[in-house]
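Q: Have a look at the structure that comes next, please.
Just so it is clear, none of the values below were taken in a lab; they were calculated from the coordinates. This one's a predicted model, so the numbers in the text were calculated from it and none came from an experiment. Note that we place each Cβ from the backbone using ideal geometry, even for glycine, and neighbour counts take in every protein chain shown.
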Amino acid sequence: MTRLTATVFGATLLALAALSACDSERIAKLEEGVATEADVKRQFGEPAAVFAEADGSRTFEYPRQPEGRANYFITIGADGKMSALRQVLRADIFAKVQPGLDKAELRRLLGRPAKTQVFALKNEEVWDWRWQDGPQKKVFSVTFDTEGKVKASASVDDPGELYTGGGAK
């Protein structure tokens, strides 16, 4: 590894650690039933997406992809107070991904993916989310058919973490 590559890699690791630490600090400042929409936006900024719920509440999406390993959904109740804050890239949520689910339903379940790829010759599209299962860094992948419906899903060890020196060679 060259000195420049090592420096860039080190800076990237520090930035990712800072992002993770920043999220923990932001979350600690928000209390369910007390924090307002303005408090949430002050800590997390504008959401990437807002989903209207049947009960009048709204769910804000705060993805940390492509380099982070979390996607946060924060629900603001009809009363304007935060009623839930959850990290959705988890094994129990992935278990809800079943064949036949469409892209919009999947996005609503997991948030924005880290990467999308189209495989024209196979008539498939694959979405990937980077996540962490305890100390193990993983990638959850979902394959769609030509109609945009889930065909298959799987979670594997993150290939970028399998090589020493900080990444794939």
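Q: Based on the Cβ-Cβ distance from Ala38 to Arg107, what FRET efficiency comes out when R0 is 25 Å, to the nearest 0.05?
A: My answer for the efficiency is 0.45.
Q: Read phi for every residue in the stretch 140-149 and hand back ³J(HN,Hα) as whole Hz from Karplus 6.51 cos²θ - 1.76 cosθ + 1.60, θ = phi - 60°, with x for Gly and Pro.
A: 9, 10, 10, 9, 9, 7, 5, 8, x, 9
Q: Name the shape class, rounded, prolate or oblate, that the alpha-carbon gyration tensor gives for the stretch 59-169, where a ≥ b ≥ c are the square roots of its eigenvalues, rounded holds for a/c under 1.5, and otherwise prolate holds if a/b is larger than b/c and oblate otherwise.
A: oblate
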